[in-house]
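The values are calculated or read from the model by the stated rules, or taken from the named source; none is laboratory data. Because the structure is predicted, anything quoted here is derived from the model rather than measured. FYI the Cβ positions are ideal-geometry reconstructions off the backbone, even for glycines, and counts take in every protein chain you see. Accessible surface is based on the protein model in full, side chains and every heavy atom, while ligands, DNA and RNA are left aside. Shrake-Rupley method; radii C 1.70, N 1.55, O 1.52, S 1.80 Å.
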Amino acid sequence: MIDPLERWREYGDKPDYAGLLTFGGLPYTQDPKELEGMDVAIVGAPTDDLVSDRPGARFGPRAIRAASCPAGAHLEAKIDAFAELRLVDFGDAPVLPADAARTHAAIEATVTQVLDAGAVPIVLGGDHSIAEPDIRACAAKHGPLGLIHFDTHTDTGTHVFGVELSHGTPMYRLVEAEHVAPERYVQIGLRGYWPGEREFAWQARRGITSFFMHDVRERGIRAVVEETLQRIGVGPMFLSVDVDVLDPAFAPGTGTPEPGGMTSADLLWACREIAGRVELVGADVVEVCPTAIGSADTTALVADRIVREILTGIALRRRT
């Protein structure tokens, strides 16, 4: 008779609702020494102190981990990223509620530990302000980065409700600090009613490329991604995905939903394609808000799959 406990230890063959809550059942560590030799580390950034609308994204990393399923081969790409890559869940950054500056410092320090070990950080948000410390850490390691940014909003405001540090300002701050090269910065999925002329005028002066939802609808996601990759060119690149780029039908559990967005099928394909064709040095998936009205499980599930597609793309690129 097979001992179930021995089977768990030998094969990791257990249901996704059992055992320690990590991304996809990955091994867990918070010891930087155990990052050595890893290809990718999952990092949580559970903070939403800087949101301007619905709170709750601080619970996003936990919800994404809970929605994640065990390893398996991607049926379309014919590859199992969990088998091809050395992966670990590095836990959450030691955030400090109500102190955004120290929380961002903690996120940056945690991501830096991953980078110093030679691994690629994939950060689970949290609100989109976390992009500032995690991209800043990657730029300190690799120099000014290219950035592909899926979002309803540009997040290039100078202020939101009179405050400079916000989930609506990180991309402005990163470009101005020269952590992101504006000529290698592409936004995809913009729509709605914010920001305004001032922000888009600044973007035009800096040479930032914007694809609106009508571009995605009329030209198709494949054409948009192809032009994006041409504009990004060669060099280190960061991928930032705000789940509100999706139509609320696909991601109702987010802080600032906007109708008329992308389908999950288009976004998942795009993330895999991008990760498979660029020098990806980091990524984040943000604004999963499990406490928002609607089916939050749906949003956490698609966020998990976004991470899976990024991992699949990395595995495909390394194989070839």
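Beta bridges from DSSP with both residues in the chain: antiparallel share about 10 percent, rounded to the nearest 5.
Let me make sure I get this right: for the stretch 242-320, a, b and c are the square roots of the gyration tensor eigenvalues over alpha carbons, sorted descending. Under 1.5 in a/c it's rounded, otherwise prolate if a/b > b/c, else oblate. Which is it? Note, shape of the stretch 242-320 comes out prolate. Estimated at 0.36 nm per residue, the fully extended path between Ala83 and Ala204 surpasses their Cα-Cα distance by 39.2 nm.
What a 1.4 Å probe finds exposed on the stretch 15-65 is 52% carbon and sulfur by accessible area, rounded to a whole percent.
Tell me, what % of the accessible area of the stretch 207-320 is carbon and sulfur with a 1.4 angstrom probe? Exposed carbon and sulfur together represent 51 percent of the surface. Using 0.36 nm per residue of separation minus the Cα-Cα distance, give me the extension gain between Arg102 and Glu197 in nm, one decimal. Here the segment from Arg102 to Glu197 would lengthen by 30.9 nm. Across the chain, the volume of the C-alpha convex hull divided among the residues equals 130 Å³ per residue.
A 1.4 Å probe run over the protein chains yields, for the chain, 43 Å² of accessible area per residue, whole-number rounding.
Treating r as the C-beta distance of Thr291 and His214 and R0 as 25 Å, the FRET efficiency rounds to 0.20. Extension gain, Ala223 to Tyr28: 0.36 nm times the residue separation minus the Cα-Cα distance gives 66.3 nm.
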